[in-house]
Protein chains: 2
Amino acid sequence: MTSQAPTPAYRRLSVEERRSQLLEAALSLFAHRAPEEVSLDDVAEAAGVSRPLVYRYFPGGKQQLYEAALRSAAEDLEHCFAEPPEGPLSERLARALDRYLAFVDQHDAGFTALLQGGSVVETSRTTAIVDGVRRAAAEHILDHLGVKDPGRRLRMTVRMWITAVEGASLSWLDGGKEPPLDELRDWLVEQFVAMLVVSAGRDPQTARVVRAALVLEGREGALGKLARAVLPVIGDAARLL
Amino acid sequence: MTSQAPTPAYRRLSVEERRSQLLEAALSLFAHRAPEEVSLDDVAEAAGVSRPLVYRYFPGGKQQLYEAALRSAAEDLEHCFAEPPEGPLSERLARALDRYLAFVDQHDAGFTALLQGGSVVETSRTTAIVDGVRRAAAEHILDHLGVKDPGRRLRMTVRMWITAVEGASLSWLDGGKEPPLDELRDWLVEQFVAMLVVSAGRDPQTARVVRAALVLEGREGALGKLARAVLPVIGDAARLL
């Protein structure tokens, strides 16, 4: 099939299109390498343009490109936990984690460099962007829990789980992406449930949240499986009651 | 009472003593302020010496002082989880956390600045020091669990808990040091137990560790209290079994 339209590669891009194209190239480079290992020449080469052209769009050079790429990645990440407030909590969390962990998988080296810190491109601005993602995730999760005015305990539990998810993600990348993603996802959902249950023992608000969430869970769902897997291990603990 | 000995303030310090004194002054400044807000003049003033003298001992200036102070703090922190391998696991963890959380309490602003990242003094060296503390803590905890050859699941669970503890510490500092330290400590111990139990449902090694640990726990101990607090909340979940 022949085409009348000019080949995209030769088409003159608008300012916005060119900017997006450069950002896309930067994102894919920063995803798989530490920022130290990405040069402006690499970005120019990946986008098929000259180095001066990159500078025309990003006069701040690599630092500006990195921050723009990070901001764009952060927007994607902030949407991970946006999920219709329907069905069992464990299933909503699983769908959100699927998106989050796919992001981790696709941005492996960049994700590690970003969260491990100490990188040359890390500034108070990049830290603020990462913290914004954590805050957005926490708000989404609190929404899913159906709490209007979350107290300190519940907020701390959610925050603890978010940092635990980050720790698990780093550890997963560090350990050759084992266990498989769907197993890691289910495990992290279970960890959240366990952390909530523990907090419920100390905090009436969290206890209400847990009771309300349990009502929606099914026997064949994540919590049913967890309950059956865990019971034989802690059966002996009945003497502690 | 009069003293024959010269007043310590006027005694000529040895090189080692002077170095320690400057480090001590830097540590107490970096503990309660962000590194951005500490100058070499502040360190000189706090130590009661001249700025050139500080430079004689630390030619690398603030960066070198910060890293030396961080290294010294890291050594303290690495000892937090060193605990005789005796008695119930929950009690050992509680004692270790007492030390860790006292450190967090005493180094509040510095701890936050260090872990939040994006600071001007943060380098791959400072990141490596912090990571060394996490690794040392993980090894101590795995020792307490009595595992010679910990698998991925168990390692990841321990690492997840360590990052959760960091998240909780930051959140605790951020929220005006509420709840009280001993409550936070007990809560974090319970979170570790819950995380281990969840992993035990997926990993035979972790299951063995949990069973062995449960044998040493008493009815009036942390786990007994947790079991009694949590049972009424999850009682309805029996239908999931």
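What follows is calculated from the coordinates using simple rules that are stated; it is not laboratory data. Predicted model only: the values in this text are computed from it and were never measured. Don't worry about glycine lacking a Cβ; one is built from the backbone with ideal geometry, like all the others, and counts go over all protein chains shown.
Could you run through region B:123-155 and say how many residues are on the phi < 0 side of the Ramachandran plot, in contact (Cβ under 8 Å) with a residue 24 or more places away in the chain and touching a Pro at 6+ places or on another chain (Cβ under 8 Å)?
Residues that pass the stated criteria total 3.
Just to be sure before I move on: is residue B:213 within 17 Å of residue A:235 (Cα to Cα) and within 28 Å of the chain's Cα centre (by Cα) in the structure I sent?
Yes.
Condition check: in contact (Cβ under 8 Å) with a residue 60 or more places away in the chain, basic (Lys, Arg) and surrounded by fewer than 18 Cβ atoms within 10 Å (Cβ to Cβ). Does residue A:33 satisfy that?
Taking the combined requirement at face value, the residue satisfies it.
Pick from B:183, B:139, B:178: which is surrounded by fewer than 17 Cβ atoms within 10 Å (Cβ to Cβ), under 25 Å from the mean Cα position of the chain (by Cα) and more than 9 Å from every other protein chain (Cβ to nearest Cβ)?
From the options B:183, B:139, B:178, the qualifying one is B:139.
Please state which one of B:147, B:121 is under 18 Å from residue B:83 (Cα atoms), more than 16 Å from the chain's Cα centre (by Cα) and either more than 8 Å from chain A (Cβ to nearest Cβ) or in a helix (DSSP H, G or I) (or both).
Exactly one residue qualifies, and that residue is B:147.
Confirm whether residue A:59 is loosely packed, with under 14 Cβ neighbours inside 10 Å and in a helix (DSSP H, G or I).
No.
Select from region B:87-98 the residues that are over 14 Å from residue B:212 (Cβ atoms) and part of a loop (DSSP other than H, G, I, E, B) and list them in ascending order.
None - no residue of region B:87-98 is over 14 Å from residue B:212 (Cβ atoms) and part of a loop (DSSP other than H, G, I, E, B), so the list stays empty.
Are any residues in region B:105-118 under 16 Å from the mean Cα position of the chain (by Cα) and within 12 Å of chain A (Cβ to nearest Cβ), and if so, which ones?
B:112, B:113, B:114, B:115, B:116
Working carefully through the options B:152, B:208, B:228, B:219, find the one that is farther than 25 Å from residue B:76 by Cβ, more than 7 Å from chain A (Cβ to nearest Cβ), of a type in the set (Lys, Arg) and surrounded by fewer than 19 Cβ atoms within 10 Å (Cβ to Cβ).
The conditions single out B:208.
Under 13 Å from residue B:157 (Cα atoms), out of contact with any strand residue (DSSP E or B) (no Cβ under 9 Å at 6 or more places or on another chain) and part of a helix (DSSP H, G or I), is that true of residue A:166?
yes
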